[in-house]
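First the structure, in the form of structure tokens, and then the observations on it.
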Amino acid sequence: MIATKKVAFYTLGCKLNFSETSTIARDLTQEGFDRVPFENFADIYVINTCSVTENADQRFKTIVKKALKNNPNAFLIAIGCYAQLRPEELAEVEGVDLVLGASEKFNISAYLNELLNDGTARAKKAEIHSCAIEDVDTYVSSYAIGDRTRAFLKVQDGCDYKCSYCTIPMARGISRSDKLENVLRQAHEIAQRGIKEIVLTGVNIGDYGKGEFGNKKHEHTFLELIQALNGVEGVDRVRISSIEPNLLSPEIIDFVAHSDNFVPHFHMPLQSGSNIILAKMQRRYKRELYTDRVAQIKAAMPDACIGVDVIVGFPGETETLFLETYNFLSDLDVSYLHVFTYSERPGTKAAEHSEVVPAKVRQKRSKMLRGLSVKKRRAFYSSQLGSRQTVLFEGENKKGYIHGFTPNYVKVKTPWNPDLVNTLHQVVLRDIDHDGLVRFDWVDPLTAADSRSRAQSNNIPDTMKF
């Protein structure tokens, strides 16, 4: 009976979570479970949780209610960071049957088969299986395919940094990495499936190379990893998801600048433009280093896209210190911001600070930086108009349009055509539409051999406008 049960997944949070959800789903499918969309009726719902922000915690209850609306008798499983950090809280949520921690989530089928072997209804009280985070010292390979056009390839997990606001080390454990040969094997598997872009992901991927079981010696460096991935046949693009500025070395920047596969797109967490706040956050750099990294990237790749993570409302952030961050970012040659409003996370040093910034002030500052991000992105997009780019199209119909991305992460749009999904096309960026996305003229919409035959069957001309 277990082999015929339907299972659905919902993922909150980061690309790393998506890669692990996809791997767990593949494992269950291989064991005979039938994966269905989360919106459908399912016997089992698995929710991969996040605990980076308070909002992510609150969303969990909403997702549980949606699952139970689809099937009031469904078996609900919580996994992920929140499940490791606060398993008792999740177990108390009405409808939750099983909570699995950082290591246990990869053995989900064993728990399912034990609990559901007789096909009975949900348990009256949720079971918790979560070991101490100090005991999480092994590495499980993961990659996400099928959910998106791009593949998220996990290369590293955990973190040895002790940023004062962050719960990730408590949720994922020490820094540890996949073996280089495993990463290359998975990259080949992804390429063989026809996926054209791989996004490297992890908690702190610049720290790649540390082994399992607390081994702090780097067997390989991140530079050696990307050098090896550059030669994987069939992979058109490799994108680095996020990397700490202190770990983004000049050698890495230079390699990407001259690479055949790695795209000119960097996402570097800043968190604050004030050295005073950076020290309170226990970050491992000052803003001067960040400025230097941006300058190095732009010198090597003038058209590179640079994204920034920034936190507003951190304890002790006065109006003067916030404006220091705002002005720093305003003057910096970056392309967009991911703005996070600080929220107190239990167990972190920052939550103990007495210099609390009022919620309304945090919201105001967040709004200001989000407005700055809109201006930054538009300015970057405008700088790329008239350039010839290769676009990889995504797989969703967004209100009658299909979206795609250039190597340097300019988001474009064109009327929906399913034959464009997961295909590469040469275009010239023309102008910015009312929604902030870029419209273009086709140069050769049939650059990829597999898309050429499909597109010709639909009589797509060599050049056209919309």
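Evaluating SER249 against the criteria (1) in the same structural domain as LYS360 (by TED's automatic domain parsing); (2) in contact with a helix residue (DSSP H, G or I) (Cβ under 8 Å, 6 or more places away or on another chain); (3) at pLDDT 95 or above leaves one unmet condition, (1).
The set of residues in segment 233-288 being closer than 17 Å to LEU337 by Cβ, of a type in the set (Val, Ile, Thr) and touching a His at 6+ places or on another chain (Cβ under 8 Å) consists of ILE243 alone. Of the helices (runs of 4 or more DSSP H) that lie entirely inside segment 1-114, those containing 3 or more residues that are over 30 Å from ALA359 (Cα atoms) span 15-30, 54-70. Taking the condition more than 19 Å from ALA228 (Cα to Cα), under 18 Å from the mean Cα position of the chain (by Cα) and in the same structural domain as ASN230 (by TED's automatic domain parsing), does THR167 pass? When the stated conditions are applied, THR167 passes them.
The strands (runs of 3 or more DSSP E) found entirely in segment 375-449 that carry 2 or more residues being surrounded by fewer than 16 Cβ atoms within 10 Å (Cβ to Cβ) and either more than 22 Å from the chain's Cα centre (by Cα) or in contact (Cβ under 8 Å) with a residue 40 or more places away in the chain (or both) are 424-432, 438-444. For segment 1-48, residues that are over 25 Å from the mean Cα position of the chain (by Cα) and among the charged types (D, E, K, R) total 5.
Report yes if ASP97 is surrounded by 19 or more Cβ atoms within 10 Å (Cβ to Cβ), in the same structural domain as SER22 (by TED's automatic domain parsing) and modelled with pLDDT of 90 or more, otherwise no. Taking the combined requirement at face value, the residue satisfies it.
Given the criteria within 25 Å of ILE145 (Cα to Cα) and touching a residue at least 12 places away in the same chain (Cβ under 8 Å), does PHE222 qualify? Here the answer is yes, as PHE222 does meet what is asked.
Yes or no, residue by residue, for (1) crowded, with 22+ Cβ neighbours inside 10 Å; (2) of a type in the set (Lys, Arg); (3) modelled with pLDDT under 95:
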| residue | (1), (2), (3) |
| --- | --- |
| PHE38 | no, no, no |
| ASN48 | yes, no, no |
| GLU54 | no, no, yes |
| ARG59 | no, yes, yes |
| ALA67 | yes, no, no |
| ASN71 | no, no, no |
| ILE79 | yes, no, no |
| PRO87 | no, no, yes |
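The values are calculated or read from the model by the stated rules, or taken from the named source; none is laboratory data. Treat the numbers as computed from the prediction; the structure is a model and nothing was measured. Backbone-built Cβ (ideal geometry, glycine too); neighbour counts: all protein chains shown.
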